[in-house]
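Report on the following structure.
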Amino acid sequence: MQTTLQALKNQFTVQWEKQQRADLHQVGLPREQTLAALTWLKEHTPFVQLTHMSVVDWIEEDQFQITYLLMNPRSYDLLMVCTRIARSGATMESVHKLWPQAVTYEQEMNEMFGVEFPGSPRQGESFILEGWEDIPPMRRDFDTVQFVLDHIPDRPGRLSINTREFIGRKVGEKRLLHD
């Protein structure tokens with residue numbers, strides 16, 4: 001792992017790095033270098049398998065973080081390659097030519113967060129949210145409660161449950177045990 005990390009630092013601008021466990025390292029790269037770094041990692045290191053892609057909404061910083069989880073299938077070491085992009089007009093290069101399974105991740109991130117991956121097959125096609133017309137629901141500025149109030153009719157006989165109190169009673173939160 002250390003050899004790969006040092007070689008990565010020699011080739012690209014590693015903005016930060018963190019060791020989470022002995023077998024899991026994170027690196028942060030500038031958006032402009034991410035596709036080249038992922039290509040280099042796949043072609044020149046044992047980190048050849050894409051096991052996951054995800055998005056984190058850093059709404060306070062007006063950014064999304066895109067994370068690519070790569071695995072070395074011989075040692076099972078993991079490398080998280082992270083990059084940040086602007087929330088408005090969120091666009092990132094597709095990695096589907098490196099890893100065909102990325103098409104599904106990219107389609108989901110497009111639908112759930114609004115991140116565009118130009119050139120990726122199935123961009124803009126419904127995946128989970130057929131006929132969705134609101135802002136992407138995984139963005140932190142999506143108001144779930146208001147959406148439910150606007151779109152899901154109240155049913156007669158439905159109990160209104162305070163979730164915090166219900167769960168507190170179930171798990172035995174001290175102040176709720178004797179209510």
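The set of residues from the stretch 109-124 being surrounded by fewer than 13 Cβ atoms within 10 Å (Cβ to Cβ) and within 25 Å of I59 (Cα to Cα) comprises P118, G124.
The residue list V103, V81 contains one member that is free of Cβ contacts under 8 Å to residues at least 60 places away in the same chain and part of a strand (DSSP E or B), which is V81.
Note on the stretch 21-45: residues that are out of contact with any Leu (no Cβ under 9 Å at 6 or more places or on another chain), in a strand (DSSP E or B) and surrounded by fewer than 12 Cβ atoms within 10 Å (Cβ to Cβ) amount to 0.
Restricting to the stretch 47-71, name every residue that is not charged (D, E, K, R) and not in a strand (DSSP E or B). Once the filter is applied, which keeps residues that are not charged (D, E, K, R) and not in a strand (DSSP E or B), the stretch 47-71 yields F47, V48, I59.
Here the condition is being under 17 Å from the mean Cα position of the chain (by Cα) and of a type in the set (D, E); of E60, E43, E125, it holds for E60 alone.
Of the listed requirements (1) surrounded by 13 or more Cβ atoms within 10 Å (Cβ to Cβ); (2) in contact with a strand residue (DSSP E or B) (Cβ under 8 Å, 6 or more places away or on another chain), P73 misses just one: (1). Going by the structure shown, is S120 in a loop (DSSP other than H, G, I, E, B), closer than 30 Å to E32 by Cα and in contact with a His (Cβ under 7 Å, 6 or more places away or on another chain)? So S120 fits the description; yes. Regarding K97, is this residue in a helix (DSSP H, G or I), out of contact with any Gly (no Cβ under 8 Å at 6 or more places or on another chain) and either surrounded by 15 or more Cβ atoms within 10 Å (Cβ to Cβ) or not hydroxyl-bearing (S, T, Y) (or both)? No.
Bear in mind that the values in this text are calculations on the coordinates, not laboratory data. Source: prediction; values computed, not measured. Note that we place each Cβ from the backbone using ideal geometry, even for glycine, and neighbour counts take in every protein chain shown.
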